[in-house]
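The values are calculated or read from the model by the stated rules, or taken from the named source; none is laboratory data. Quick caveat: nothing in here was measured; it's all calculated off a predicted structure. Here the Cβ positions follow ideal geometry from the backbone for every residue, glycine too, while neighbour counts run over all protein chains shown. Remember, those area values only see protein heavy atoms, side chains included, never the ligands or the DNA or RNA. Shrake-Rupley method; radii C 1.70, N 1.55, O 1.52, S 1.80 Å.
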Amino acid sequence: MNSNLWIEEKFEDFLGLKFKVEKVLFSGKSEYQTVDIVETKGHGKMLLNDGLVMVTERDEFAYHDMISHVPLFTHPAPKNVLIIGGGDGGTAREVLRHCSVEKCTMVEIDSMVVDACKEFIPQTAKDLDHDKLTLIIGDGVEFVKNTTEKFDVIIVDSTDPIGPAQPLFGEAFYRDVYDCLSDDGIVVSQGESSWYALDIQQSLLTVLNAVFPQTYLYSFSNLTYPGGLWSFTFATKKHHPINDLDVNRVTNSGLSFDYYNANLHSAAFALPNFVRNGLAGLIDND
Ligand code: SAM
């Protein structure tokens, strides 16, 4: 179909990112957000929540490699993993590639995101029925408050701090996350843009610092989030993200990646000076 439809993701009131749409595949409104899946020209299928780009087929591997493999290769033997959010399934897909992982629990608040991605974006959602995955439709905040399980790695694959994702950036949530991590557990979280949201990074890292002995930020490059450079926070009870990386585990895993590699794992923690200065006192990267 030849369409003249474009969608524009507006960032605050001064930036717009436009994508050419070939076909609208799904549009719905859940209790939590609007959910749209479109076929774009140039970026493949794209998921938008509340008009914000979550995932595109073209570059999702960068985000999902880096949110998953950095903590899973830092932890020496991750067996039990928790994902909060991540309804498109890309993070679960990558976590489940690690043979040490015996169980992965994913708590996503919005069944519409999961169902729509299963139907229209199998590239990310293909492992959402995996036998090692327990998929819970519910609030991640409540889950970490009430669970008695201990997790080696927790991945907070959330939207921006609005609506139901707002508490996922707060101290009460991270105190519960700390309690349900094993003694050498690691939590990695979607950490926003250093170009456009240094204030959110400062606030999230202030929270993490209050709860965890070591906190870090690492970055990766992508095509479809404003500014291109995006970040994850990394908070850990014990393992150091660079010094405790066993490069042989990456080599011997037999896994191949389009973005992640052992050199990049460490390099991702080297930050530009405007980020180091903006987050001075809040990160242990140097
Ligand atoms: N890669 C994406 C990004 O940063 O743009 C995030 C991917 S994923 C689609 C984010 C998911 O977090 C959404 O599907 C949303 O429904 C879910 N979410 C938001 N708040 C949540 C909460 N409190 N508990 C569980 N899931 C939540």
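Check whether at least one residue in segment 42-49 is surrounded by fewer than 18 Cβ atoms within 10 Å (Cβ to Cβ), of a type in the set (D, E, K, R) and at pLDDT 95 or above, and report yes or no. Among the residues of segment 42-49, not one is surrounded by fewer than 18 Cβ atoms within 10 Å (Cβ to Cβ), of a type in the set (D, E, K, R) and at pLDDT 95 or above, which makes the answer no. Scanning segment 249-283 for residues that are of a type in the set (D, E, K, R) and under 20 Å from the mean Cα position of the chain (by Cα) yields one hit, D258.
Being within 17 Å of the chain's Cα centre (by Cα), of a type outside the set (A, V, I, L, M, F, W, C) and near the ligand (Cβ under 8 Å from one of its atoms): is that true of D139 here? Yes, satisfied. Where strands (runs of 3 or more DSSP E) fall entirely within segment 4-93, those with at least 1 residues that are more than 16 Å from the ligand (Cβ to nearest atom) and without any contact (Cβ under 8 Å) to a residue 60 or more places away in the chain are at 5-11, 15-29, 34-40. With respect to H130, is the statement that it is surrounded by fewer than 21 Cβ atoms within 10 Å (Cβ to Cβ), touching a Cys at 6+ places or on another chain (Cβ under 9 Å) and outside any strand (DSSP E or B) true? For H130, the condition - surrounded by fewer than 21 Cβ atoms within 10 Å (Cβ to Cβ), touching a Cys at 6+ places or on another chain (Cβ under 9 Å) and outside any strand (DSSP E or B) - is met.
If the condition is being in contact (Cβ under 8 Å) with a residue 40 or more places away in the chain and either outside the structural domain of V113 (by TED's automatic domain parsing) or near the ligand (Cβ under 10 Å from one of its atoms) (or both), then segment 164-188 contributes P164, A165, L168.
Beta carbons closer than 8 Å, at least 6 apart along the sequence or on distinct chains, pair a first residue in segment 251-265 that is closer than 13 Å to S68 by Cα with a second that is assigned to a loop (DSSP other than H, G, I, E, B) and of a type in the set (V, I, T) for H265/I242. Within segment 99-127, the set of residues being within 11 Å of the ligand (Cβ to nearest atom) and not in a helix (DSSP H, G or I) comprises M106, V107, E108, I109, D110, I121. Hey, any hits in segment 149-163 for a residue that's within 13 Å of the ligand (Cβ to nearest atom), more than 16 Å from the chain's Cα centre (by Cα), open to solvent by less than 60 Å² (accessible area, probe 1.4 Å) and farther than 28 Å from Q214 by Cβ? Among the residues of segment 149-163, at least one is within 13 Å of the ligand (Cβ to nearest atom), more than 16 Å from the chain's Cα centre (by Cα), open to solvent by less than 60 Å² (accessible area, probe 1.4 Å) and farther than 28 Å from Q214 by Cβ, which makes the answer yes. For segment 103-141: of the residues being touching a residue at least 40 places away in the same chain (Cβ under 8 Å) and of a type in the set (S, T, Y), which is nearest to D176 (Cα to Cα)? Top of the filtered list is T105. Among the residues of segment 233-259, just one is under 26 Å from G42 (Cα atoms) and within 16 Å of the ligand (Cβ to nearest atom), namely Y259.
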